[in-house]
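The values are calculated or read from the model by the stated rules, or taken from the named source; none is laboratory data. As the structure is a prediction and not an experimental result, all values here were calculated from the model. Neighbour counts are summed over all protein chains in view; Cβ atoms, including those assigned to glycine, are modelled from backbone coordinates with ideal geometry. Ligands, DNA and RNA are stripped out before the accessible areas are found, and what is left, the full protein with its side chains, is counted by its heavy atoms. Shrake-Rupley method; radii C 1.70, N 1.55, O 1.52, S 1.80 Å.
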Amino acid sequence: MAPTYTLNDGTSIPALGFGTYPLKGETAVATIVSAVEAGYRLLDTAVNYRNEREVGEAVRTCGLPRDELLVESKLPGRHHEYDKAIESTRASLASMGLDHLDLHLIHWPNPSVGKYVEAWRALVALQKDGLVRSIGVSNFAEEHLSRIIDDTGVTPAVNQIEMHPYFPQEHMREVNEGLGIRSESWSPLGKRQAPFSEPPVASAAEAHGVTPGQVILRWQVQLGSIPIPKSEDPERQRQNLDVFSFALSEDEMTAITALGRPDGRLFGGDPHVHEEM
Ligand SMILES: NC(=O)c1ccc[n+]([C@@H]2O[C@H](COP(=O)([O-])OP(=O)(O)OC[C@H]3O[C@@H](n4cnc5c(N)ncnc54)[C@H](OP(=O)(O)O)[C@@H]3O)[C@@H](O)[C@H]2O)c1
């Protein structure tokens, strides 16, 4: 199992979680239960993944008490209006068959729509009402974070951003850290173009007797970001969680981070241009 961090609201969160996109249907339930059996305690979903029902079923049937698992979901862009955000979150809980979420994030800021501050006010209210334990955001740039913090005085506990060796997010990691926000990494292995055979990754894997995937996830952990790798394969699920018994040297860390490219945004989701509904 992963060690935990304390978030800025005093709650704790595992240093590594499980991604569930694009799992669906009965295979999804079995895959998520298998991940829990492998030791994952943090499960990431979203309204837009259309698998909250399956995540809820896995949580309810896996055999672990509810309070040993953390479920995190995300509010979609089309639900940013205050009342819609409240209704959407209640609907998420109903489809999961759960009475609270451990973490709820605004999925994307969608700045051209301009309602993310309203969505944030709704999340603050949901947290006060106890329907959501911790609140955070995803794909937020510095200016979006400033606006919601200035408006409500409430700082997100987490900012989930795309991060992998080709897109190491040095600036956003610094911004998050400066504000006391824990970074979380989506597509932590680099999904679309995983850098498994890049020399710094391959040589560290050989040196530590682990897989390239484990090297990348260890790099994430040492940078203090919470990776949420998705795998349907029980062996890869197990491997991806087994990254807490070796450490990369400073040179290895630097060499992997240097894989980040000046055109990293080609790989990354630039919050200024990328919006979802
Ligand atoms: N906030 C956002 O906007 C956002 C956006 C995208 C994703 N997410 C979240 O982030 C999670 C993870 O991101 P992701 O699924 O895009 O990418 P990822 O976890 O980096 O990569 C998943 C891919 O890598 C393979 N894989 C997993 N472990 C491996 C290993 N050890 N060696 C080799 N291949 C391995 C998986 O295949 P197998 O299943 O066959 O193992 C799958 O094809 C998602 O599931 C979702 O929950 C959030």
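Let's see how each residue does on (1) open to solvent by less than 30 Å² (accessible area, probe 1.4 Å); (2) in contact with a helix residue (DSSP H, G or I) (Cβ under 9 Å, 6 or more places away or on another chain):
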| site | (1), (2) |
| --- | --- |
| Pro111 | no, yes |
| Tyr116 | yes, yes |
| Ala119 | yes, yes |
| Gly130 | no, no |
| Ser138 | yes, no |
| Ala141 | yes, yes |
| Leu145 | yes, yes |
Long-range neighbours under 7 Å by Cβ, at least six apart or interchain, first residue free of Cβ contacts under 8 Å to residues at least 60 places away in the same chain within the stretch 29-53, second away from the ligand (no atom under 11 Å from the Cβ) and among the charged types (D, E, K, R)
Val29/Glu54; Val29/Glu57; Ile32/Glu54; Arg41/Glu68; Thr45/Glu52; Arg50/Lys24; Asn51/Lys24
Checking Ser146 against (1) without any contact (Cβ under 8 Å) to a residue 24 or more places away in the chain; (2) touching an Asp or Glu at 6+ places or on another chain (Cβ under 6 Å), only one condition comes out false. Which one?
(2)
Matching residues in the stretch 217-247 (open to solvent by less than 40 Å² (accessible area, probe 1.4 Å) and away from the ligand (no atom under 16 Å from the Cβ)) number 1
Looking at Arg192, is it closer than 25 Å to Tyr116 by Cα and either surrounded by fewer than 23 Cβ atoms within 10 Å (Cβ to Cβ) or out of contact with any helix residue (DSSP H, G or I) (no Cβ under 7 Å at 6 or more places or on another chain) (or both)?
no
Scan the stretch 111-132 and tell me whether some residue there is touching a Gly at 6+ places or on another chain (Cβ under 6 Å), in contact (Cβ under 8 Å) with a residue 24 or more places away in the chain and within 18 Å of Gln160 (Cβ to Cβ).
no
Return the total of residues in the stretch 221-236 being farther than 24 Å from Glu177 by Cβ and either within 16 Å of the chain's Cα centre (by Cα) or part of a loop (DSSP other than H, G, I, E, B) (or both).
4
Within the stretch 198-220, residues under 16 Å from Gln239 (Cβ atoms), of a type in the set (S, T, N, Q) and assigned to a helix (DSSP H, G or I) come out as Gln214, Gln220
Taking Leu98, is it modelled with pLDDT of 95 or more and touching a Ser or Thr at 6+ places or on another chain (Cβ under 8 Å)?
no
Could you identify the single residue in Gly63, Gly10, Gly25, Gly97 that is free of Cβ contacts under 8 Å to residues at least 40 places away in the same chain, open to solvent by 30 Å² or more (accessible area, probe 1.4 Å), touching a helix residue (DSSP H, G or I) at 6+ places or on another chain (Cβ under 9 Å) and on the phi > 0 side of the Ramachandran plot?
Gly63
Ile256 - would you say it is more than 10 Å from the ligand (Cβ to nearest atom), within 24 Å of Trp108 (Cβ to Cβ), open to solvent by less than 10 Å² (accessible area, probe 1.4 Å) and at pLDDT 95 or above?
no
Taking the stretch 92-116 on its own, how many of its residues are aliphatic (A, V, I, L, M) and either under 20 Å from Arg182 (Cα atoms) or in contact with a Cys (Cβ under 8 Å, 6 or more places away or on another chain) (or both)?
4
Give the stretch 35-52 a look and list any residue that's surrounded by fewer than 18 Cβ atoms within 10 Å (Cβ to Cβ) and either within 12 Å of the ligand (Cβ to nearest atom) or among the basic types (Lys, Arg) (or both), or say none.
Arg50
Looking at Ile86, Ile32, can you tell me which residue is surrounded by 15 or more Cβ atoms within 10 Å (Cβ to Cβ) and either closer than 25 Å to Val215 by Cα or within 12 Å of the ligand (Cβ to nearest atom) (or both)?
Ile32
